[in-house]
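Participant: Got a structure here, written out as structure tokens. Questions coming.
The values are calculated or read from the model by the stated rules, or taken from the named source; none is laboratory data. These numbers were taken from a predicted model, which means no experiment stands behind them. Every residue, glycine among them, receives a Cβ derived from its backbone with ideal geometry; neighbour counts consider all protein chains shown.
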Amino acid sequence: MLTDLTLTEARQRLRAGEISAVELTQAHLERIRALDPQVRAYLTVTEERALAAAEEADRRLATGDNAPLLGLPLAIKDVLTTEGVVTTAGSRVLEGFVPPYTATAVQRLLEAGAVMLGKTNTDEFAMGSSTENSGYFVTHNPWDLERVPGGSSGGSAAAVAARMALGALGTDTGGSVRQPAAFCGVSTVKPTYGRVSRYGLIAFASSLDQVGVFGRTVEDTALLLSVMAGHDPHDSTSLDVPVPDYMAALSGEIAGLRVGVPREYFIEGMQPEVEQAVRAAIAQLEALGADVREISLPHTEYALPVYYLVAPSEASANLARFDGVRYGPRENGRTLWETYKATRGQRFGAEVKRRIMLGTYALSAGYYDAYYLKAQKVRTLIKQDFDRAFADVDVIATPTTPTTAFRIGEKTDDPLQMYLSDVFTLAASLAGICGAVVPCGFDGQGLPIGLQILGPALGEEIVLRTAHAYQQSTDWHTRTPPLG
Ligand code: GLN
């Protein structure tokens, strides 16, 4: 089936003229029609635009144009703006909102010839770990429809796992591409903060948000990242440094690579099958010639409380702009104040309101020093843990999540339990470093497990090289969810 191809395989076939972009796009649209009523990965399917883009790609392919993503169908998380296409961030506060411009990350894919299939479901403003906080509907895990796909980029991860897109964009603030990649059995990269432009990424926590990529292989994620990365004058935090050739980094060679395994990432209460699979994956890296050693990241336990002060503080400021006047629909009140109250009160979901309240409290005079400022100081200690570790090792290997995908509804009444599903991803976000996740096994119920490989700032090449070498020597990524 055409939908079983990887991105790189499809690219070769398109260039060789063995398949057409229209055929490839049709095959994905048909699969979306057949399976998405169960999976519910897409908020919007842009069928007409996709077919028009595919026709254009076929014309260009016929002239020998070799733009890097020409004719390849991809899905885009609905927190990235797309000119002329409804963009909601999973929120009712942006219901029907049509942005006037396209996010730089998306624009670069489109300029490289990619075909956008549609916009994928997300937790509202990317706040969540299960996609259950979407203001629209819940996305289901393709491996078990009664379970969550993870979040907040659950729609994109599920779309790639279910073969309803060859690749996808997500965003990661505290784990939102890594955790769903682990839950859905796909590969992902969370780039270094500043590596990819945030222009057009609807802000949740500006000092943490990064655009990430999903693919069925590490090679596919490397291809997408190489197109998307690089300086953008529209984002003052985007780094003005050269972008390496990520595909060239995939040598398959990791002999002598120093891999650190932090003891703080194997904790009581984690699912034994997850620990076993991750330890087996680390043994596999050793078998490939890596030099594995135990390390310590002593401030790991503070990552969760620090994140849940810093992220809500930034969110409370970023979300002030949604007032029923500037963007999206309005709930009219008798006075301006009542209009604000009605719009925000009726259209923000419970988790978003919780975070606005937490953040407003942490930033308020009298509490600022005790909470926000203290959290920033501990954030520095967490970053220094990684700086020290990367003086001795090239990459750090850890579990991605303490458990495999949980049941829909299992954690919705207990926000703290939900927050704990990101304990292994938050610290890297606070430190601004990069990481990848690759499938490394399944639990007894057939649910995927992910290996997280972290690298230093701007260390995407070494992370991708490690992840690729591991993937080449295993076949976890080739399994298909039991759908349809
Ligand atoms: N689950 C974390 C949160 O709820 C991270 C989300 C994200 O990375 N966008 O904030």
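Participant: Quick check on this structure: which one of THR466, THR480, THR474 is outside any loop (DSSP other than H, G, I, E, B) and farther than 16 Å from GLY151 by Cβ?
Facilitator: THR466
Participant: Filter the strands (runs of 3 or more DSSP E) completely within region 25-123 down to those with at least 1 residues that are among the basic types (Lys, Arg) and under 18 Å from the mean Cα position of the chain (by Cα).
Facilitator: Fully inside region 25-123 and qualifying: 73-77, 115-120.
Participant: Something else: Determine if region 266-289 includes at least one residue that is more than 20 Å from GLY450 (Cβ to Cβ), more than 21 Å from the chain's Cα centre (by Cα) and basic (Lys, Arg).
Facilitator: no
Participant: Test of understanding: among SER251, SER236, SER207, which residue is among the hydroxyl-bearing types (Ser, Thr, Tyr), more than 28 Å from VAL278 (Cβ to Cβ), away from the ligand (no atom under 14 Å from the Cβ) and in a loop (DSSP other than H, G, I, E, B)?
Facilitator: Sole residue among the options that is among the hydroxyl-bearing types (Ser, Thr, Tyr), more than 28 Å from VAL278 (Cβ to Cβ), away from the ligand (no atom under 14 Å from the Cβ) and in a loop (DSSP other than H, G, I, E, B): SER236.
Participant: Check region 214-230 and report whether any residue there is within 16 Å of the ligand (Cβ to nearest atom), outside any loop (DSSP other than H, G, I, E, B), under 14 Å from the mean Cα position of the chain (by Cα) and farther than 15 Å from GLU461 by Cα.
Facilitator: Yes, that holds for at least one residue.
Participant: OK, next. How many residues does region 162-180 contain that are surrounded by 24 or more Cβ atoms within 10 Å (Cβ to Cβ) and either away from the ligand (no atom under 12 Å from the Cβ) or part of a loop (DSSP other than H, G, I, E, B) (or both)?
Facilitator: 12
Participant: Which numbered condition in (1) in contact with a strand residue (DSSP E or B) (Cβ under 9 Å, 6 or more places away or on another chain); (2) within 15 Å of the ligand (Cβ to nearest atom); (3) of a type in the set (D, E, K, R) is the only one that ARG355 fails?
Facilitator: The one condition ARG355 does not meet is (1).
Participant: With respect to the numbered conditions (1) buried (at least 24 other Cβ atoms within 10 Å of the Cβ); (2) more than 16 Å from ASP78 (Cα to Cα); (3) away from the ligand (no atom under 16 Å from the Cβ); (4) of a type in the set (A, V, I, L, M), which one is the sole condition not fulfilled by LEU145?
Facilitator: It fails just one condition, (1).
Participant: Tally up the residues in region 297-321 that are polar (S, T, N, Q) and either surrounded by 22 or more Cβ atoms within 10 Å (Cβ to Cβ) or without any contact (Cβ under 8 Å) to a residue 40 or more places away in the chain (or both), please.
Facilitator: Count: 1.
Participant: Only residues in region 119-138 that are over 10 Å from GLY349 (Cα atoms) and near the ligand (Cβ under 8 Å from one of its atoms) count as the first member; pair them with residues that are assigned to a loop (DSSP other than H, G, I, E, B) and aromatic (Phe, Trp, Tyr), Cβ under 8 angstrom, at least 6 apart or cross-chain, and list the lot.
Facilitator: Close Cβ pairs (under 8 Å, with a partner that is assigned to a loop (DSSP other than H, G, I, E, B) and aromatic (Phe, Trp, Tyr)) amount to ALA126/PHE204; MET127/PHE204.
Participant: Hey, can you tell me all the residues within region 124-156 that are in a loop (DSSP other than H, G, I, E, B), of a type in the set (Gly, Ala, Ser) and under 15 Å from the mean Cα position of the chain (by Cα)?
Facilitator: Of everything in region 124-156, those that are in a loop (DSSP other than H, G, I, E, B), of a type in the set (Gly, Ala, Ser) and under 15 Å from the mean Cα position of the chain (by Cα) turn out to be GLY128, SER129, SER130, GLY150, GLY151, SER152, SER153.
Participant: Is there a residue in region 360-375 that is closer than 30 Å to GLN445 by Cβ and either modelled with pLDDT under 95 or β-branched (Val, Ile, Thr) (or both)?
Facilitator: No, region 360-375 contains no residue that is closer than 30 Å to GLN445 by Cβ and either modelled with pLDDT under 95 or β-branched (Val, Ile, Thr) (or both).
Participant: Here is a further query. Confirm whether VAL189 is touching a Lys or Arg at 6+ places or on another chain (Cβ under 7 Å), surrounded by 24 or more Cβ atoms within 10 Å (Cβ to Cβ) and closer than 17 Å to LEU451 by Cβ.
Facilitator: no
Participant: Hey, another quick one. If you check every pair at least six apart or on different chains, which have Cβ atoms under 7 Å apart with a residue in region 198-214 that is at positive phi first and a residue that is in a loop (DSSP other than H, G, I, E, B) second?
Facilitator: Close Cβ pairs (under 7 Å, with a partner that is in a loop (DSSP other than H, G, I, E, B)) amount to GLY200/THR81; GLY200/TYR101; GLY200/THR102; GLY200/ALA103.
Participant: Run down THR425, THR412 and say which single residue is touching a residue at least 40 places away in the same chain (Cβ under 8 Å), crowded, with 24+ Cβ neighbours inside 10 Å and of a type in the set (Val, Ile, Thr).
Facilitator: After applying the criteria, what remains is THR425.
Participant: Here's something else I'd like to know. Quick check on region 195-204: of everything there that is within 12 Å of the ligand (Cβ to nearest atom) and buried (at least 24 other Cβ atoms within 10 Å of the Cβ), which residue is farthest from GLU83 (Cα to Cα)?
Facilitator: Going through the qualifying residues, I end up with PHE204.
Participant: Ok, one more. Tell me whether region 375-395 contains one or more residues that are more than 16 Å from the ligand (Cβ to nearest atom), closer than 22 Å to THR474 by Cα and part of a strand (DSSP E or B).
Facilitator: yes
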